[in-house]
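This report concerns only the one structure given below.
The values are calculated or read from the model by the stated rules, or taken from the named source; none is laboratory data. These numbers were taken from a predicted model, which means no experiment stands behind them. Positions of Cβ are generated from backbone atoms using ideal geometry, with glycine treated the same way; all protein chains shown enter the neighbour counts.
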Amino acid sequence: MSTKSNSLVLLLLSLLSGFALAEQNCQTDTIAASTPLERFKQSEDGTVVDADTGLMWRECLEGVTGASCDEGEPVALTWAGALTYVPTLNANGGFAGYSDWRLPNIRELSTLVELQCSNPAMNVVVFENAPSTHVWASSPYHFYTHYSWYVDFSNGAATYDERIVSKTLRLVRDIK
């Protein structure tokens with residue numbers, strides 16, 4: 001086999017092993033579930049109600065549709081773009097019969113983190129096909145005025161980044 005062929009085989013093997021690593025990893029034997037199934041009520045309209053927080057979530061990220069959140073591509077916007085996206089969505093009829101959707105604050109968004117899992121750090125039975133992605137919160141970061149908070153759903157970390165970086169959106173509304 002030539003060096004070029006060996007390199008190609010190694011590249012393919014490393015890509016395939018990367019796909020295996022992309023699957024959700026949960027430590028159910030050692031860490032208690034932070035987002036158990038019984039906490040959530042899923043509706044046919046693509047919404048999920050969290051009984052613990054009194055919040056209703058869109059099951060899919062913005063831009064993604066389908067019963068299994070498997071159609072389309074997630075919308076990725078800057079923080080300013082995310083803040084202006086939501087009122088436009090609401091003014092155009094909203095979603096599932098509601099026109100009071102909003103970006104969650106960092107504390108609300110962090111309630112969706114499944115602490116026993118990574119890649120994604122979410123309950124994928126409730127939020128089917130949830131990707132390991134960065135999701136904007138509405139919360140500004142107070143120490144650097146050009147930064148805002150987001151949750152990294154690959155590992156569940158709440159962190160901050162420059163507002164000019166594009167991230168995905170998961171919308172919420174109050175029900176209590």
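Mind listing just one residue for me: the one in the range 126-145 that is aliphatic (A, V, I, L, M) and within 18 Å of Gly81 (Cβ to Cβ) and, of those, surrounded by the fewest Cβ atoms within 10 Å (Cβ to Cβ)? Here the residue is Val135. Which members of the range 130-151 meet the condition of being at pLDDT 95 or above, of a type outside the set (Phe, Trp, Tyr) and more than 21 Å from Gly72 (Cα to Cα)? Across the range 130-151, the qualifying residues are Ala137, Ser138, Ser139, Pro140, His146, Ser148, Val151.
Within the range 92-105, does at least one residue satisfy the condition of being in contact with an Asp or Glu (Cβ under 7 Å, 6 or more places away or on another chain), crowded, with 17+ Cβ neighbours inside 10 Å and at pLDDT 95 or above? Looking through the range 92-105, none of the residues is in contact with an Asp or Glu (Cβ under 7 Å, 6 or more places away or on another chain), crowded, with 17+ Cβ neighbours inside 10 Å and at pLDDT 95 or above. Being touching a residue at least 60 places away in the same chain (Cβ under 8 Å) and farther than 18 Å from Met56 by Cα is a description that does not apply to Val124. When Ala33, Ala82 are checked against the criterion of being more than 19 Å from Val135 (Cα to Cα) and small (Gly, Ala, Ser), Ala33 stands alone in meeting it.
Within the range 69-99, the set of residues being in contact with a helix residue (DSSP H, G or I) (Cβ under 8 Å, 6 or more places away or on another chain) and more than 30 Å from Ala33 (Cα to Cα) comprises Leu77, Ser99.
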